[in-house]
Amino acid sequence: MKKMLFSLLMAGLVSSCHSHAVLTVDVVNSLNAARSGETVEVPWSLVQERIGAVEPQEVAVLNHHGQKIPSQTLYKGQPQPQAIIFQADVPALGSASYRIAQGKPADAPAEHKTAARLVPERMDDFAWENNRVAFRMYGPALMKVDGPSNGIDVWCKRTESLIIDKWYSDDLSGKASYHQDHGEGLDGYKVGRTLGCGALAPCVNGTPVLGNNFVTSKVLDNGAIRTSFELTYAPLDVNGTPVVEVRRISLDANSQLNCINSMFINAGDMEVAAGIVLKNNKMPATVDNADPAHKPLLDPDEGYVAYAEQADALPTDTTNNGIIHTAIIFPSGKMTGARLEGNHLLAFGAYKANEPFTYYSGAGWSKASDENGALRFPSEALWLEYVALEAAKLNNPLEVKFK
């Protein structure tokens with residue numbers, strides 16, 4: 001009887017310890033600029049080590065006021081949890097403290113700000129979005145109709161709501177074309193046989209070798225804060241070698257930029273280039289004499305290139321659909337050069353065999369507004385300011401300390 005009472009007492013103590021256990025996450029910002037809504041990732045193994053054998057629905061993240069904030073458990077395509085993420089606000093040259101504890105999370109389906117899916121009803125498109133911008137790439141069914149294209153398409157949004165399902169449904173049913181702005185934004189970007197908004201390509205003698213449409217897709221995570229997925233491409237002849245690209249992309253809430261990890265299976269060390277298609281496939285003679293509304297910016301020393309172009313409109317639509325701003329960022333000094341070539345603005349880097357090449361690309365829109373109704377990027381200068389700050393953040397990541 002005494003042994004049983006002792007065992008029950010110990011079990012109660014263990015349970016009590018776990019129910020009050022807390023993992024403190026201190027986030028430090030070394031930049032002289034505030035960081036707002038930046039994603040912090042914590043290994044799930046560390047959560048369980050500090051809190052106990054909890055399930056994802058039993059974990060909450062709290063800010064320094066003790067208020068629950070949205071969080072998301074990442075699976076990264078695996079059956080078991082791999083990490084938990086939340087978005088931190090950290091002052092310039094300062095720090096912020098967060099706590100992970102057992103409890104009901106703040107996250108709810110209505111709060112989801114990201115999504116991605118295969119769209120078989122539209123010839124195997126793959127589309128993804130967050131609360132600011134949407135993108136898509138083209139699948140095998142469309143290749144038979146429109147020919148090959150592995151470039152990234154941009155959908156401009158003026159709403160914080162997720163719109164992929166609605167826009168496809170309205171377009172396919174004939175209710176409303178997503179090539180026309182009906183109050184939420186539009187697809188006003190032309191890709192064709194190009195890299196679109198920042199796809200990556202192997203280079204042979206300094207020239208990108210463009211791939212075909214993806215052949216398989218897999219969603220890795222869909223949630224309140226991050227969506228991620230993997231696309232696999234058919235073998236591509238790169239200087240006599242069949243190379244298979246596996247492209248992993250993630251997009252976080254509140255960001256204009258995709259994080260892209262490209263692996264080229266069966267490839268050795270080689271030069272690669274990420275590209276942005278130039279408006280109407282036309283290259284200005286020089287950057288300096290380019291049309292001000294279509295002006296490329298090359299700054300390889302800072303690790304980014306950017307471009308502004310007039311959004312397309314349907315032939316019957318006289319609406320000015322504003323300016324689409326695009327950019328590519330290579331963090332950590334990866335950009336070995338940048339130039340205008342053919343119908344692309346290209347950023348070059350060195351790919352190492354059997355290692356993913358990680359970079360960022362994305363877009364903003366001059367007609368998109370924030371939650372207060374103010375335009376986010378009414379001028380190219382504001383877009384370039386955003387890109388420069390994002391590049392600085394990537395080169396000076398938040399320092400995360402656990403205790």
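The values are calculated or read from the model by the stated rules, or taken from the named source; none is laboratory data. What you see is a predicted model; the values in this text were computed from it and never measured. Glycine gets a Cβ as well: all are built from the backbone with ideal geometry, and neighbour counts include every protein chain shown.
Within the range 257-278, restricting attention to residues that are outside any strand (DSSP E or B) and touching a strand residue (DSSP E or B) at 6+ places or on another chain (Cβ under 6 Å), which residue is farthest from Q310 (Cα to Cα)?
Just the residues of the range 257-278 that are outside any strand (DSSP E or B), to begin with: 266-269, 278.
Those left that are additionally touching a strand residue (DSSP E or B) at 6+ places or on another chain (Cβ under 6 Å): 266-267.
Numbers: N266: 39, A267: 37 Å.
Ranking the qualifying residues of the range 257-278, first place goes to N266.
Among the residues of the range 137-192 satisfying the criterion of being of a type in the set (F, W, Y) and assigned to a loop (DSSP other than H, G, I, E, B), which is nearest to F126 (Cα to Cα)? Walk me through it before giving the result.
The initial filter retains those residues of the range 137-192 that are of a type in the set (F, W, Y), namely 138, 155, 167-168, 178, 189.
Still in the list and also assigned to a loop (DSSP other than H, G, I, E, B): 138, 178, 189.
Working: Y138: 6, Y178: 15, Y189: 16 Å.
So the residue we want is Y138.
Take V204 and decide whether it is more than 20 Å from V119 (Cα to Cα) and not assigned by TED's automatic domain parsing to the domain that holds I69.
On the way: more than 20 Å from V119 (Cα to Cα): yes; not assigned by TED's automatic domain parsing to the domain that holds I69: yes.
So V204 fits the description; yes.
Considering (1) in a strand (DSSP E or B); (2) within 30 Å of K334 (Cβ to Cβ); (3) not assigned by TED's automatic domain parsing to the domain that holds N63, say which one A96 fails and leave the rest.
Answer for A96: the failing condition is (3).
Do you know which of the residues in the range 306-319 that are touching a strand residue (DSSP E or B) at 6+ places or on another chain (Cβ under 8 Å) and modelled with pLDDT of 90 or more is farthest from I276 (Cα to Cα)?
Step one: of the range 306-319, the residues touching a strand residue (DSSP E or B) at 6+ places or on another chain (Cβ under 8 Å) are 306-311.
Adding the requirement that they be modelled with pLDDT of 90 or more leaves 306-307, 311.
Working: A306: 8, Y307: 8, A311: 14 Å.
Looking at residues that are touching a strand residue (DSSP E or B) at 6+ places or on another chain (Cβ under 8 Å) and modelled with pLDDT of 90 or more, I get A311.
D153 fails exactly one of the following numbered conditions: (1) more than 14 Å from the chain's Cα centre (by Cα); (2) modelled with pLDDT of 95 or more; (3) surrounded by fewer than 23 Cβ atoms within 10 Å (Cβ to Cβ). What is the number of that condition?
Failing condition for D153: (1).
Here is a list: I265, I260. Which entry is in the same structural domain as P148 (by TED's automatic domain parsing), surrounded by 20 or more Cβ atoms within 10 Å (Cβ to Cβ) and of a type outside the set (F, W, Y)? Show your work before the answer.
On the way: I265 fails: surrounded by 20 or more Cβ atoms within 10 Å (Cβ to Cβ).
After applying the criteria, what remains is I260.
Just name the residue that is nearest to K393 (Cα to Cα) out of those in the range 77-120 that are loosely packed, with under 14 Cβ neighbours inside 10 Å and of a type in the set (D, E, K, R).
In this case the residue turns out to be E111.
From the list A353, A313, which residue is small (G, A, S), loosely packed, with under 15 Cβ neighbours inside 10 Å, in a loop (DSSP other than H, G, I, E, B) and touching a residue at least 24 places away in the same chain (Cβ under 8 Å)?
Numbers: A313 fails: loosely packed, with under 15 Cβ neighbours inside 10 Å.
Being small (G, A, S), loosely packed, with under 15 Cβ neighbours inside 10 Å, in a loop (DSSP other than H, G, I, E, B) and touching a residue at least 24 places away in the same chain (Cβ under 8 Å) holds for just one of A353, A313, which is A353.
Assuming Q57 fulfils every condition listed in (1) outside any helix (DSSP H, G or I); (2) in the same structural domain as D26 (by TED's automatic domain parsing); (3) surrounded by fewer than 19 Cβ atoms within 10 Å (Cβ to Cβ) apart from one, which condition is it?
(1)
Does A327 satisfy being within 17 Å of the chain's Cα centre (by Cα), in the same structural domain as V277 (by TED's automatic domain parsing), more than 20 Å from V277 (Cα to Cα) and among the aliphatic types (A, V, I, L, M)? Don't jump to the end; show me each part of the working.
Numbers: within 17 Å of the chain's Cα centre (by Cα): yes; in the same structural domain as V277 (by TED's automatic domain parsing): yes; more than 20 Å from V277 (Cα to Cα): no; among the aliphatic types (A, V, I, L, M): yes.
No; evaluated as a whole, the condition is false for this residue.
Consider K334 against the criteria (1) under 18 Å from A199 (Cβ atoms); (2) assigned to a loop (DSSP other than H, G, I, E, B); (3) in contact with a Cys (Cβ under 9 Å, 6 or more places away or on another chain): it satisfies all of them except one. Which criterion is unmet?
(3)
Within the range 34-46, how many residues turn out to be farther than 26 Å from R132 by Cβ and in contact with a Pro (Cβ under 8 Å, 6 or more places away or on another chain)? Write out each step before concluding.
Kept after step one, since they are farther than 26 Å from R132 by Cβ, are these residues of the range 34-46: 43-46.
Among the residues that remain, those that are also in contact with a Pro (Cβ under 8 Å, 6 or more places away or on another chain) are: 44.
Adding up the residues that qualify gives 1.
Please work out which residue is farthest from the chain's Cα centre (by Cα), limiting yourself to the range 231-247 and to residues that are crowded, with 20+ Cβ neighbours inside 10 Å and either among the charged types (D, E, K, R) or assigned to a loop (DSSP other than H, G, I, E, B) (or both).
Per the criteria, the residue is E245.
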